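Worksheet: one structure, shown below.
The values are calculated or read from the model by the stated rules, or taken from the named source; none is laboratory data. As the structure is a computational prediction, the values presented were derived from the model and not from experiment. Heads up, the Cβs are rebuilt from the backbone with ideal geometry, glycines too, and the neighbour counts pull from every protein chain shown. Accessible surface is based on the protein model in full, side chains and every heavy atom, while ligands, DNA and RNA are left aside. Shrake-Rupley method; radii C 1.70, N 1.55, O 1.52, S 1.80 Å.
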Amino acid sequence: RMTSWTRNQSFAENCATLVKHHGFDIVHGLSRVDGLDTYRLTDPLQTHWVKVYYRQPWNRWLQSWNPRHRAIFAIEKRLFGNAGPRRIIVQSHLDGRLLRDYFGVPEERLRRVSNGVDTTLFQPGDGSERRLVREELGLDAERPLLIFASMDFRRKGLGSLFAAMRQMRCQDAALVVLGNGDIHRYQQIAQQQAVDKRVHFLGRQSGMSRFYRAGDVFVLPTIYEPFPNVNLEAMACGTPVVTTAT
């Protein structure tokens, strides 16, 4: 528990030790650990994330020596190597391609199971939430409203969204930010981008569907995301989505 890299490393090794002492028929993993028969890839690939997030070559090289990154790189190498799980379940074509490109995982080891969405909860509304949410925010009934939702503002590109809002032709468009990310820091970034008067940080909300239905567009400019459920939820509510190709 001393550092982040020792936590990652010890958790992976301790899971393998536990598996060896029990007669399990199948060991299925939802996290990067050793000793698995099947693994469902839900976390972003660290090997790819470091490459796309740290754009400057010098910074990328520096991060390659970060103990936490190196520990996860080693775990991923074991996990996706020939001695790893017999089956790797991916959520998207993107992650299947990344596993083939980075680790040479053969197609026969991969299975794609896309995420689903509860359409009894996430479904188009009658238009009332569009008016009610705007009233709660003190906005005019017809004012354009963008919706963003994430617990990781940095990776999901909230800073890029602020920069885009500054350049939009529609300068009265407002933005609702949902999720318990680093709100204080991003309030400062919004102020630096001169869009703070148009951004509403509402924190974590239980009734997400009402915000999806209230918005004109859901925006998720993520740097890299295996399969964002929020995109499906917004579309199930009848709200168009703007996101990245990654």
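Annotations for the structure displayed:
- Residue list for region 85-107, filter: β-branched (Val, Ile, Thr), open to solvent by less than 30 Å² (accessible area, probe 1.4 Å) and farther than 22 Å from THR244 by Cβ: ILE88, VAL105
- From the list ARG134, ARG130, ARG70, the one residue that fits, being touching a residue at least 40 places away in the same chain (Cβ under 8 Å), open to solvent by 30 Å² or more (accessible area, probe 1.4 Å), part of a helix (DSSP H, G or I) and more than 30 Å from SER10 (Cβ to Cβ), is ARG130.
- Contact annotation: residue pairs with Cβ atoms under 9 Å, 6 or more positions apart or on different chains, pairing a residue in region 6-34 that is within 22 Å of VAL90 (Cα to Cα) with a partner that is exposed (fewer than 13 other Cβ atoms within 10 Å of the Cβ) and among the β-branched types (Val, Ile, Thr), are ASP34/THR17.
- Considering ARG155, ARG213, ARG169, the condition of being farther than 30 Å from LEU98 by Cβ, among the basic types (Lys, Arg) and either open to solvent by less than 40 Å² (accessible area, probe 1.4 Å) or outside any helix (DSSP H, G or I) (or both) is satisfied by ARG169 alone.
- Residue match in region 108-120 (condition: open to solvent by less than 40 Å² (accessible area, probe 1.4 Å) and in contact with a strand residue (DSSP E or B) (Cβ under 9 Å, 6 or more places away or on another chain)): yes
- Failed item, numbered, when ASN82 is tested on (1) surrounded by 15 or more Cβ atoms within 10 Å (Cβ to Cβ); (2) of a type in the set (S, T, N, Q); (3) under 30 Å from HIS22 (Cβ atoms): (1)
- The requirement of being surrounded by 13 or more Cβ atoms within 10 Å (Cβ to Cβ) and in contact (Cβ under 8 Å) with a residue 40 or more places away in the chain is satisfied by THR47.
- Residue pairs meeting the criteria (Cβ under 7 Å; at least 6 apart or on separate chains; first open to solvent by 50 Å² or more (accessible area, probe 1.4 Å) and modelled with pLDDT under 95, in region 181-210; second among the small types (Gly, Ala, Ser) and not in a helix (DSSP H, G or I)): ARG204/GLY179
- Looking across region 234-246, the residues that are out of contact with any strand residue (DSSP E or B) (no Cβ under 8 Å at 6 or more places or on another chain) and either open to solvent by less than 40 Å² (accessible area, probe 1.4 Å) or part of a strand (DSSP E or B) (or both) come down to ALA236, CYS237.
- Of all residues in region 105-117, none satisfies being at pLDDT 95 or above, part of a helix (DSSP H, G or I) and within 21 Å of the chain's Cα centre (by Cα).
- Within region 176-210, the set of residues being within 14 Å of the chain's Cα centre (by Cα) and not in a strand (DSSP E or B) comprises GLY179, ASN180, GLY181.
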